[in-house]
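The values are calculated or read from the model by the stated rules, or taken from the named source; none is laboratory data. Here the structure is a predicted model, which means the values were calculated and not measured. Note that we place each Cβ from the backbone using ideal geometry, even for glycine, and neighbour counts take in every protein chain shown.
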Amino acid sequence: MTDLTTALAPGRPDGPLTEDRADALVDLVVTPRTDAAPAPVDAAHGRAARLRYAARHLVRRPGLVVAVLWLVAVLVAAVAPSVLASGDPLAGVPAEKLTGPSAQHWFGTDQLGRDLYTRVVHGTGTTLHAALLAIAIGLVVGSVLGLLAGFVGGAVDAVLMRVADVLLAIPGLLLSLAVVTALGFGTTNVAIAVGATSVASVSRILRSEVLRVRTSAYVEAARAGGSRWWRVLLVHVLPNSVGPVLVLAALELGTAILAVSSLSFLGYGAQPPQPEWGSLVAGGRDYLGGQWWLTTLPGIVIALTVLAGNRLARALDTEGTPS
């Protein structure tokens with residue numbers, strides 16, 4: 001302020017206000033002083049405040065906490081099933097067949113004397129792998145189609161969106177059955193069939209976002225700057241359009257698990273004696289009259305996983321973060 005006052009003083013010997021002196025005055029007003037000491041930042045206090053904020057949010061959302069804990073347990077069962085169930089899922093004791101839930105066999109035993117809890121835990125990896133593969137297939141294929149339709153436009157957009165309309169008009173389970181029948185049995189083929197049902201929805205959502213983003217000022221500036229079309233697409237359009245698609249992928253987790261289990265229940269997935277959630281439910285349907293646990297307990301595991309995935313996806317969709 002002293003420098004500015006001195007510069008504006010009427011009795012300065014420097015003479016009248018010239019252009020150079022005017023530029024110097026602008027620098028004094030606009031340019032911040034660099035010799036000022038920065039305000040101290042208490043990093044530890046900031047981290048503690050963030051932890052308290054997160055803890056308050058979690059306390060207010062007990063359902064989300066339970067959902068996250070359940071999904072963590074499912075992930076552990078898929079990656080390291082021996083941590084939760086150290087037994088052999090294929091070994092059975094015929095003398096203990098069809099025994100109900102107890103302290104020794106939490107989920108009871110099946111018709112061959114195999115521990116049902118161990119088979120459910122060891123079958124988690126197969127089911128989750130197929131569901132994640134299905135989501136990845138739908139995400140990749142649908143994103144490519146949506147990008148092309150939204151960015152290229154014209155006849156390409158019209159043709160791709162009409163194909164998407166046809167796929168959306170077919171019920172998901174019926175489309176999966178048609179695809180898996182053409183491909184054959186197996187977990188991978190089931191994943192491809194389930195992934196095909198989400199291609200249309202992913203492509204339409206990403207297309208709408210691309211149509212919105214491609215008219216933005218920064219995209220026009222990149223084109224005017226001479227950037228190639230593929231660079232504009234991958235660097236500017238795709239990163240700013242993919243957010244809703246990622247949320248959709250989280251929403252599709254529960255649906256994919258349910259669809260994979262349904263196809264496995266019908267016999268298209270993992271073949272005996274390999275454990276898989278849907279096939280475990282199917283294996284106990286002949287014993288519903290007296291051994292209810294053979295279908296009920298694996299079915300409850302499937303239902304809880306789907307509900308937990310949907311709860312986490314709803315949190316991501318409404319709040320942007322799992323809070």
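From the set of residues in segment 204-239 that are more than 20 Å from the chain's Cα centre (by Cα) and among the small types (Gly, Ala, Ser), which is surrounded by the most Cβ atoms within 10 Å (Cβ to Cβ)? Filtering segment 204-239 for residues that are more than 20 Å from the chain's Cα centre (by Cα) and among the small types (Gly, Ala, Ser), the one surrounded by the most Cβ atoms within 10 Å (Cβ to Cβ) comes out as Ala222.
A residue that is basic (Lys, Arg) and in contact with a Gly (Cβ under 6 Å, 6 or more places away or on another chain) cannot be found anywhere in segment 198-205.
Search segment 291-310 for residues being touching a residue at least 40 places away in the same chain (Cβ under 8 Å) and over 26 Å from the mean Cα position of the chain (by Cα), and hand back the single one that is surrounded by the most Cβ atoms within 10 Å (Cβ to Cβ). Please lay out each step first, then the result.
Of all residues in segment 291-310, those touching a residue at least 40 places away in the same chain (Cβ under 8 Å) come to 291, 293-294, 297-298, 301-302, 304-310.
Going one step further and asking which of them are over 26 Å from the mean Cα position of the chain (by Cα), we end up with 291, 293-294, 297.
On the way: Gln291: 20, Trp293: 22, Leu294: 25, Leu297: 19.
Looking at residues that are touching a residue at least 40 places away in the same chain (Cβ under 8 Å) and over 26 Å from the mean Cα position of the chain (by Cα), I get Leu294.
Among the residues of segment 145-170, the one identified as assigned to a helix (DSSP H, G or I) and at positive phi is Gly154.
Filtering segment 226-238 to residues that are at pLDDT below 80 and not in a helix (DSSP H, G or I) leaves Gly226, Ser227. Being modelled with pLDDT of 85 or more and either in contact with a Ser or Thr (Cβ under 9 Å, 6 or more places away or on another chain) or not in a loop (DSSP other than H, G, I, E, B) (or both): is that true of Leu246 here? For Leu246, the condition - modelled with pLDDT of 85 or more and either in contact with a Ser or Thr (Cβ under 9 Å, 6 or more places away or on another chain) or not in a loop (DSSP other than H, G, I, E, B) (or both) - is not met. Filtered by the rule that a residue be over 20 Å from Ala134 (Cβ atoms), at pLDDT below 90 and under 25 Å from the mean Cα position of the chain (by Cα), segment 150-181 gives Gly150, Phe151. Taking the criterion of being within 23 Å of Val247 (Cα to Cα), in a loop (DSSP other than H, G, I, E, B) and not small (Gly, Ala, Ser), the residues of segment 171-201 that qualify are Pro171, Thr197. Within the option set Gly225, Gly254, Gly290, Gly243, being under 26 Å from Gly125 (Cα atoms) and not aromatic (Phe, Trp, Tyr) holds for one residue only, Gly254.
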